[in-house]
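One structure is given here, and the rest of the page talks about it.
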Amino acid sequence: MNYRLTKSPRASMMLALAVVLIIQVSAAQACPTCKTGLGERFVNAYGWSIIFMMAMPFTLVGAFAAYVFWTIRSKTAAAIAAGSDESVAELAQRKSALGVPTQPPVDA
């Protein structure tokens, strides 16, 4: 058999390191705040920080979507509030050119 892997010093060092890490796995801890000696207060604070970090992307995307919705809605309302039928007709023409339906579907 060819044991070339163990003949190089680098491979031998990596193998030894892997064996030591596998043996030491039982002594590893998940995180420093999960230890029982820190108390319930720190563990709860760590849990809340994780919840806030997980909620932040959804908050940012939701805020951006609300801003876009509000902007589009206010521009449409401003066009309708202008009072001219031409602005409403122009808005309907732009919507139909983009393929956006301007009337609700008719049930047959």
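The values are calculated or read from the model by the stated rules, or taken from the named source; none is laboratory data. What you are looking at is a predicted structure, and each value in this text was computed from that prediction instead of being measured. Cβ sites come from the backbone with ideal geometry, for glycine too, and all protein chains shown count toward neighbours.
Quick test for you: out of PHE58, PHE42, PHE64, pick the one residue that is at pLDDT below 80 and either of a type in the set (Gly, Ala, Ser) or assigned to a helix (DSSP H, G or I) (or both). Answer to the selection: PHE42. Within region 95-105, the set of residues being modelled with pLDDT of 75 or more and surrounded by fewer than 11 Cβ atoms within 10 Å (Cβ to Cβ) comprises ALA97, LEU98, GLY99, VAL100.
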